[in-house]
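Computed from the coordinates by the stated procedures, all read-outs in this text should not be read as laboratory data. Just so it is clear, the structure is predicted and the values come from calculations on it, not from any experiment. Cβ: placed from backbone, ideal geometry, glycine included. Neighbour counts: every protein chain shown.
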Amino acid sequence: SKPGNMGRFMKSGKVVLVLNGRFAGRKAVIVKNYDEGSSEKPYGHALVAGIDRYPRIVTKKMSKKKVTQRSKIKTFVRTYNYNHLMPTRYSVDVAMDKNAVNKDAFKDPSKRRRARREAKARFEERYKT
């Protein structure tokens, strides 16, 4: 089928698998989707926040400190062509701060760091619950 008449199922909050590139095989959440593409990226793509390093297994007999250490998550934020994302049937309600995690974050390293930190905070908070 022609691109563009695929069902609009790439919504924000949807869990996707990244298929290509550095983060291949990692899970991510769509923060914002651009179905029509934009001027610099004339194809359907999405801004995703994902998990680069997952939290490790935690057991009952571990100390508090060890638990907090092992519950840390390393995140990434970037845009992906829809062709390189595989949607899953899951959606999560991770409320990303849109002014921290957005397209402008890529222009400037400090903003990019802030976006990553924001994603990290949100994921870790969600992981605890």
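Rounded to the nearest 500 deg cm²/dmol, what is the calculated helix-only ellipticity per residue at 222 nm for the chain, with -39500 (n - 2.57) per DSSP H run of length n ≥ 4?
Calculated from helices alone, the mean residue ellipticity at 222 nm is -6500 deg cm²/dmol.
For the pair Ser12 and Ser38, how long in nm is the line joining their label points, each one 7 Å along Cα→Cβ?
In this crude spin-label approximation the distance works out to 1.3 nm.
Per residue of the range 60-70, in order, report the coupling 6.51 cos²θ - 1.76 cosθ + 1.60 (Karplus, θ = phi - 60°) as ³J(HN,Hα) in whole Hz, putting x for Gly and Pro.
Per residue, the Karplus-derived 3J(HN,Hα) values read 5, 7, 7, 6, 3, 4, 5, 5, 5, 4, 6 Hz.
Enumerate the calculated ³J(HN,Hα) couplings along the range 117-122 in order (Karplus 6.51 cos²θ - 1.76 cosθ + 1.60, θ = phi - 60°), each rounded to whole Hz, writing x wherever the residue is Gly or Pro.
Each residue of the range 117-122 in turn: 5, 4, 4, 4, 4, 5 Hz.
Could you list the trypsin sites (Lys or Arg not before Pro) in the range 21-129 that lie in coil according to DSSP, counting only those with at most 10 other Cβ atoms within 10 Å of their Cβ? Kindly include the intermediate steps, with their values, before the conclusion.
On the way: sites: Arg22, Arg26, Lys27, Lys32, Arg53, Arg56, Lys60, Lys61, Lys64, Lys65, Lys66, Arg70, Lys72, Lys74, Arg78, Arg89, Lys98, Lys103, Lys107, Lys111, Arg112, Arg113, Arg114, Arg116, Arg117, Lys120, Arg122, Arg126, Lys128; in loops: Arg22, Arg26, Arg56, Lys60, Lys61, Lys72, Lys98, Lys107.
Listed in order of number, the matching sites are Arg22, Lys60, Lys61, Lys107.
For the chain, with a Gaussian network of springs between Cα atoms less than 10 Å apart, report the residue from Tyr90, Tyr34, Tyr54 with the top mean-square fluctuation.
Residue with maximal mean-square fluctuation among Tyr90, Tyr34, Tyr54: Tyr90.
Please identify the longest segment of the chain free of exposed GluC sites (Glu not before Pro), where exposed means a DSSP state other than H, G, I, E or B and no more than 11 other Cβ atoms within 10 Å.
Between the exposed loop sites, the longest stretch runs 41-129.
Rank Thr68, Ala115, Tyr80 by how far each Cα sits towards the positive end of the charge dipole of the chain (+1 on Lys, Arg Cβ; -1 on Asp, Glu Cβ) and give me just the farthest.
Value: Thr68.
Can you tell me the dipole magnitude for the range 30-72 around its Cα centre, using point charges on the Cβ only (Lys, Arg +1; Asp, Glu -1), in Debye to the nearest 20? Please list the in-between numbers first.
Details: 11 positive and 4 negative charges, 202 e Å.
Here the range 30-72 has a charge dipole of around 960 debye.
Count the DSSP beta bridges whose two residues both fall in the range 33-129, then state the antiparallel fraction as a percent rounded to the nearest 5.
100 percent
Determine the gain in length on full extension of the stretch Arg53-Gln69; use 0.36 nm per residue of separation and subtract their C-alpha separation, reporting nm with one decimal.
Result for the pair: 4.5 nm of gain on full extension.
Tell me the label only: which of (1) 79; (2) 34; (3) 38 is percent of Cα pairs over 22 Å apart as calculated from this structure?
Structure-derived value, by its label: (3).
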